[in-house]
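The values are calculated or read from the model by the stated rules, or taken from the named source; none is laboratory data. Remember, it's a predicted structure, so these values are computed and weren't measured experimentally. Cβ placement follows ideal geometry from the backbone for every residue including glycine, while neighbour counts extend to all protein chains displayed. Protein only, heavy atoms only, side chains kept; ligands, DNA and RNA dropped before computing areas. Shrake-Rupley method; radii C 1.70, N 1.55, O 1.52, S 1.80 Å.
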Amino acid sequence: MGSSQSCLRMPLCRGVDIEELSIAQLQSHLERQSFTCRELAQCYLERIEKVDPRIKAVIETNPDVLTIADELDAERKKGVVRSRIHGIPFLVKDNIATGDKMQTTAGCAALAGTIVPEDAPVVARIRAAGGVLLGKTNLSEWASMRASYYSEAYSSRGGQNRNPYNLAEHPGGSSSGSATALAANMCAFSIGTETDGSVMFPADRNALVGIKPTVGLTSTIGVIPEAPSMDTVGTFGRSVEDATIILDVIADKSVIPDGRADVQASRESDTYTSLLAKKDALKGARFGLPSKRVWEAASKRTKHKSEYDALKKVTEQMIGAGAQIFDVDFPSAEEIIAPDGWDWEYGAGMSGSKLSEFTVVRTEFYRSLREYLSKLKNNENGILALEDVVAYNLNHTDTEGGAPGTHPAWPTGQDNFDKCIESKDWENTVYTEALEYIFRKSREEGIDAALRHRDGDLDGLLVPLQAEGGVACSVAAKAGYPMITVPVGVNEIGVPFGMGIIQTAWKESLLIRYGSAIEDLIGRRQKPTFRNFDADNYFYIGSPPKETAAQHE
């Protein structure tokens, strides 16, 4: 390790090496008084101070964190331990409201100084359980909504977030900071949000377990909205157990509809952590591999063929452990999955279709953002609607890149915002037809159909996360269905990859059971290596317009 990377040594916490320790291990140390909650928080703050200037995962730290830690230490001395996360430090994405001295801005300078009414319910639940909020994490600004061609994981408030495995490669978005901070051991767990891939991608590219719950299982109140029909708050952990512990804290199982008592964890007396399993749970389990436009796309991904080979090896190991695996298809694959990879404007078999995911997202974003902004206090920039955000960025284009070609992170400016504003004049039938279409094609004619097998329903659909931009994630996103990703390995350029599992609504229980079983079968994640530590580049995502393509090649 060179002198320039001496900061990468994890600080000892009163002599204890806490790097990669699980929530349970940290809690055990707190119980044995190996260190206090305050000392643990201080160790993570020191880690952030040393590593974050290169990673840029954390936008701001909580000025009250040590006071909170002291209060939890005092409770422990009195014999009060709120839960298994009592005294455990965590981070949240900067589009999730925290009613404290920190800001909630989605990484955008236009919202700087605004005051949210209160903690988002998911944050309130974690605090009530004894979690110690260290700070807010970076993200792709506005959760990747503002432009069609942009630098992944960049925000005006946070700068360019980087992948701790290889700083010259992107970390995945939009919940990039929550993933990279945890991967780099700046906290014990973190939470993020997803509309389409924003928990799955960064988890996958940072060797983390990510759980994207069924839409509605975790509250999105207090979260800067993108598309309420698809938005959800998810968890990141360095293991299935850690991610599941946090899901138990933030999930509201009372929202699971009647008639779904087949899901064991839907009963109030049960916890998701009670469903964690070992590899022997795979014996007799049955899974599907969606072939058309998913696994077939992964097989043609020659750039990182090692990923495909490693993922197929995992399926062979699962068969060796007693699982059955079948080739299946989404019947609607050709209608909702673009042949050239992820394209949220693709629908009814063509790009640019009004029957697309983007039709739903742009309409819901414009409408729901106005409602969110109306509740903010101290809104000195007068940001009351999306038009105001666009105007602010244009008035500060040198730093905010409001106009195309004025900022390297946003070569196309804010063209997606312009498209969202256009949707306000659409007839409501355009939106409702698109919503009905993507639900039907991703649910009844997609995931649910693929899960039905001649010998009974399958226990999950196994998918490669990064094949063709994550097309499988997009199907689950359209449906609002749950998904988990489990780390598998690291490719030849040093970027992690994993195996995803998709299920139908409210069946997080199966994802946890089999995600943990696969983890036990193949082993835990690899630690970050911080390759290209001094990298200083942008990570362009999307398709540039012809006039800017040459200058960014």
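Here are the numbers for the structure shown:
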{"item": "Leu12-Asp309 pseudo-label distance in nm [points 7 Å out on the Cα-to-Cβ vector]", "result": "4.2 nm"}
{"item": "Neighbour-limited loop hits for GluC sites (Glu not before Pro), segment 427-504 (at most 15 other Cβ within 10 Å; DSSP other than H, G, I, E, B)", "result": "Glu427, Glu492"}
{"item": "Estimated [θ] at 222 nm from DSSP helical runs (n ≥ 4, -39500 (n - 2.57)) normalised by residues in the chain, nearest 500", "result": "-9500 deg cm²/dmol"}
{"item": "Vicinal HN-Hα couplings computed from phi for segment 329-338 (Karplus, 6.51 cos²θ - 1.76 cosθ + 1.60; Hz; Gly/Pro x)", "result": "9, 7, x, 8, 3, 6, 8, 10, 10, 5"}
{"item": "Amide H contacts of Met483 (H built 1.01 Å from N, under 5 Å, at least 5 apart or other chain)", "result": "Lys212"}
{"item": "Pairwise FRET efficiency - Glu371 versus Glu492, Cβ, R0 = 41 Å, nearest 0.05", "result": "0.30"}
{"item": "Spacing of the two label points (7 Å from each Cα toward its C-beta) at Arg440 and Arg531, in nm", "result": "4.6 nm"}
{"item": "Label point distance in nm, Ile221-Lys300, each placed 7 Å from Cα along Cα→Cβ", "result": "4.7 nm"}
{"item": "Segment 328-449: Cα Rg divided by the 2.2 N^0.38 Å rule of thumb", "result": "1.27"}
{"item": "Total formal charge among the other residues, if their Cβ is under 11 angstrom from that of Glu169, Lys/Arg +1 and Asp/Glu -1", "result": "+2"}
{"item": "Among Tyr150, Trp295, Asn95 the positive-end extreme of the charge dipole of the chain (Cβ point charges)", "result": "Trp295"}
{"item": "Local electrostatic count, Ile512, Cβ distance below 11 Å [Lys/Arg +1, Asp/Glu -1]", "result": "-2"}
{"item": "For the chain: accessible area per residue (Å², 1.4 Å)", "result": "36 Å²"}
{"item": "Residues of type lysines that Lys424 reaches as a straight line, Cα spacing below 30 Å, ignoring anything fewer than 8 places off in the same chain", "result": "Lys93, Lys212, Lys354, Lys375, Lys377, Lys441, Lys478, Lys546"}
{"item": "Structure-derived mean projected area of the Cα convex hull in nm²: which label, when the choices are (i) 42.0; (ii) 96.8; (iii) 24.1", "result": "(iii)"}
{"item": "Other-chain or far-sequence residues with amide H under 5 Å of Phe287's (modelled H)", "result": "Gln324, Ile325, Phe326, Asp459"}
{"item": "Charge dipole of the chain about the Cα centre (unit charges at C-beta), most positive-ward option of Leu435, Ser6, Thr363", "result": "Ser6"}
{"item": "Mean Cα-pair separation over length for segment 468-546, i.e. relative contact order, pairs under 8 Å, 6 or more apart, %", "result": "25 percent"}
{"item": "Whole-number percent relative contact order across the chain, with pairs defined as alpha carbons under 8 Å at least 6 apart", "result": "18 percent"}
{"item": "Separation of alpha-carbon centers, segment 185-238 and segment 89-139, rounded to whole Å", "result": "14 Å"}
{"item": "Percent accessible area from carbon and sulfur atoms, the chain, protein chains only, probe 1.4 Å", "result": "47 percent"}
{"item": "Efficiency of FRET from Cβ geometry, Glu427 and Arg524, R₀ 56 Å, rounded to 0.05", "result": "0.60"}
{"item": "The chain: Cys lacking any partner C-beta under 4.7 angstrom", "result": "Cys7, Cys37, Cys108, Cys187, Cys420, Cys473"}
{"item": "Distant-in-sequence amide H partners of Gly347 (H built 1.01 Å from N, under 5 Å)", "result": "Gly352, Ser353"}
{"item": "Dipole of segment 1-160, positive direction: furthest Cα of Thr105, Ala41, Val116, with charges on the beta-carbon", "result": "Ala41"}
{"item": "Magnitude of the charge dipole, the chain, Cβ model with Lys/Arg +1 and Asp/Glu -1, debye to 20", "result": "1420 debye"}
{"item": "Protection-proxy order for peptides 92-99, 225-232, 347-354, each taking the mean of Cβ atoms within 10 Å per residue, highest first", "result": "92-99, 225-232, 347-354"}
